[in-house]
1. Which residue, of 691, 709, is more than 26 Å from residue 423 (Cβ to Cβ), open to solvent by less than 50 Å² (accessible area, probe 1.4 Å) and either under 30 Å from the mean Cα position of the chain (by Cα) or at pLDDT 95 or above (or both)?
2. Look through segment 196-230, keep the residues that are in a loop (DSSP other than H, G, I, E, B) and polar (S, T, N, Q), and return whichever of them is least open to solvent (accessible area, probe 1.4 Å).
3. Does residue 515 fit the bill of being assigned to a loop (DSSP other than H, G, I, E, B) and closer than 25 Å to residue 39 by Cβ?
4. Of the residues 74, 143, which is aliphatic (A, V, I, L, M), surrounded by fewer than 19 Cβ atoms within 10 Å (Cβ to Cβ) and in a strand (DSSP E or B)?
5. Out of all the residues in segment 637-661, which are open to solvent by less than 40 Å² (accessible area, probe 1.4 Å), part of a strand (DSSP E or B) and under 18 Å from residue 702 (Cα atoms)?
6. Looking at segment 322-335, which of the residues that are out of contact with any strand residue (DSSP E or B) (no Cβ under 6 Å at 6 or more places or on another chain) and either in a loop (DSSP other than H, G, I, E, B) or not acidic (Asp, Glu) (or both) is nearest to residue 756 (Cα to Cα)?
7. Taking the condition at pLDDT below 95, buried (at least 19 other Cβ atoms within 10 Å of the Cβ) and not acidic (Asp, Glu), does residue 599 pass?
8. Can you confirm whether residue 698 is at pLDDT 95 or above, surrounded by fewer than 24 Cβ atoms within 10 Å (Cβ to Cβ), among the polar types (S, T, N, Q) and assigned to a loop (DSSP other than H, G, I, E, B)?
Amino acid sequence: MTLPAKFRLGALALAVAFSVTGCNDDDNNASAEQWNFKRIASFPVCMQLDATCNDDTETAAEIVAASADGMQLIYTDSPNDAVGFVDITDPAAPVAGGVVKLDGEPTSVAVKGDYALVAVNTSADYINTGGELLVMDVAGKNIIRSIDLGGQPDSVAISPDGQYAAVVIENQRDEDLGEGIPPQLPAGYLVIVDMAGNVADWTTRTVSMTGLPALFAGDPEPEYVDINSDNIAVVTLQENNHIVLVNLADGTVVNHFSAGTVDLSQVDTIEEDPAQILPQDSLSAVVREPDGVTWLNNELFATANEGDMDGGSRGFSVFNKAGEVIFDSGNELEHQTIRMGHYPDARSENKGNEPENADFGQYDNSDYLFVASERSSVVFVYDAADPEKPLLKQTLPAGSGPEGVLAIPGRNLLVAASEVDSRDDKIRSVVNIYQYAEQASAYPTIISENTANGTPIPWGAMSGLAAGTDNTVYAVEDSFYARNRIFKLDVSATPAKLTQQLRILDSNNVLAALTLPETAGTDTFDADDLSAMINADKTVNLDPEGIAVAADGGFWLVSEGAGTVGDAGRPVNSANLLIKTDAGAVIEEVILLPDAVNAKQLRFGFEGVAEYNGKVYVAFQRAWNGDDNPRIGIYNTATQSWQFVFYPLDTAASQAGGWVGLSDISSLGDGNFLIVERDNQGGPDAAIKRLYKVNLSNVAAGTTITKTLVRDLMDDLKVAGGLVPEKIEGLAVMENGDVLIVNDNDGVDDNSGETQLINLGDIL
């Protein structure tokens, strides 16, 4: 919703001084003098239930609207049959405003003056459909009228002049019936609400849409609606790949047309297991199947082409009222999500990043189009000064699964509602709030350069970090991706540039010739397991969790073992491996733990590695069977022998319980090391994300060492305005003393994909 001109307050100079490493995409490096959007807050919907979110109830923020003065947000919460309110008087500190329970499932909300119009699905099933439009007083949060809609609503929009509301009645299909293929009656339609006079005097009209689409003429299934200043409603018929324009004044269909198809190249269409992001495929004649739609002006509108049954062009399109495609984003959204580590490879065979919704707003005479990507969990910001050639300006992080996006130009704000909520998966539904101000962009924090074929270097699931020289940092990806790689990052500017990928190779059959550990019983790492680690091209499938730059210019890597000894549900199929490679990532040596230690293996094994003065130091994540604390293994490269000391963990402090363990370790010189200690909780449940200093000089084997707190990272992790990430897994200490940390985004699987590479400065 664009607020009336009288509420447009102009540009607010309320820039927030973020300390995170960040900038926008590589073609648009921002300076502090440029105007950019930056996330300033994320409101977890669970805070409506408990101030600390100590509640397992699934919540959701799906579609969001703003009060007329822009000081309050109203969102739909489908799982709880409720509408929620958020006070954003101070947008950087949103406050729970309570919820209103409904007798049905809210599907959409829009605001007219003092009233919120809430579309509610009251259907008994897919055949016996019903719905109502509730008129709610925003100030009092009470329902003052219910308008019968006759079917299941899915979207509601209000005309800029406030004369009309348009409500899409989808009467959605049962996707489990007949493989979900339409037609499935009853047919959907459009309801026009004439809003002249008092609320009690409002009346409705119905516009039929049967007979319009070519695919399923009797089952239009309208999906989304927006209205321009001429009171022309644009309605998407998603499953029919069709678009309809309706004159709200007289209810006539002024035009309708197919959304058409698109050809795509250099996209990933295969879901490997383990995953690989390989943007090398082509798709022909992909139907767009648009979902969200927004007018850019009275002549042009943009569609978010989510797809549903057979479509999904993985982008957005700009149409004119004649039905001509003026612009299509092609593979740009796919490539941008790959470039910034947000690409969901598990959706490659389906609809890729899956654009869900769109909105338009004019901020201080600058026009912007916003496109929300449901599966990549970002909001793309396009400069729409020339609406026929929109240019990508920024990509903003959102919570998991942004469903609704809302421009609030009158307050220089943007809002995105992210619906996915699963406390067990460390995901909470959030309302994201962004501010437009004269400021540097803060995201992404890492972007990749192109490969030789012109596509971005794909990355994700970033684990250990290691400092090189001249502002170079090396990183490894964990087992989420096959054919493991080492990444080279240039951190001299923000965002950091991922400039090179090195495949870890067993070219000399060092790993292949590994002598297997002698562990009693059948629950052991065997020859078949070893063989599965090595591909025909000599790339490897390990679980690299830590990396260190070796004294000779090569690398030390640690690969975490898989499985727990004695646990039939988690059989051991990999030992923990300390690996030495040359500078080109070719394996030179593979080192096993002593058999007596392997016999204690817990699935939480090697996590970090560091080298100092001829010894290699390895951090175990958790205490193994029979141990009270996790080990730090010390491998003497001259004597080829191990010794072990124990690290005293903090007690889990999360309200959700869970465990605490170690992640990365970095050498500070003189026998001192910096260690990441963290719990396995994220968002409101996160409690322990800390850096400790230890001294490992001349420690006797079996000693429980002492530690000194260097930094509690919780405040650092909140600066970016999002939820605290669970997995702080990478740590590097640079030549100039700066300390860098990074989180693992789990390959965008049950994860928003957000990666925060944070420079803490010289904290030592």
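The values are calculated or read from the model by the stated rules, or taken from the named source; none is laboratory data. What you see is a predicted model, and the numbers here were worked out from it, not measured in a lab. Quick reminder, even Gly has a Cβ in these numbers, built from the backbone with ideal geometry, and neighbours come from all protein chains shown. SASA here: full protein model, heavy atoms, side chains in, ligands and nucleic acids out. Shrake-Rupley method; radii C 1.70, N 1.55, O 1.52, S 1.80 Å.
1. Result of the check over 691, 709: 691.
2. Applying the filter and picking the extreme gives 228.
3. On the way: assigned to a loop (DSSP other than H, G, I, E, B): yes; closer than 25 Å to residue 39 by Cβ: no.
Answer is no for this residue.
4. Values: 74 fails: surrounded by fewer than 19 Cβ atoms within 10 Å (Cβ to Cβ).
When all the criteria are applied, what remains is 143.
5. 644, 645, 646 - these are the residues of segment 637-661 that are open to solvent by less than 40 Å² (accessible area, probe 1.4 Å), part of a strand (DSSP E or B) and under 18 Å from residue 702 (Cα atoms).
6. 333
7. Working: at pLDDT below 95: yes; buried (at least 19 other Cβ atoms within 10 Å of the Cβ): yes; not acidic (Asp, Glu): yes.
For residue 599, the condition - at pLDDT below 95, buried (at least 19 other Cβ atoms within 10 Å of the Cβ) and not acidic (Asp, Glu) - is met.
8. no
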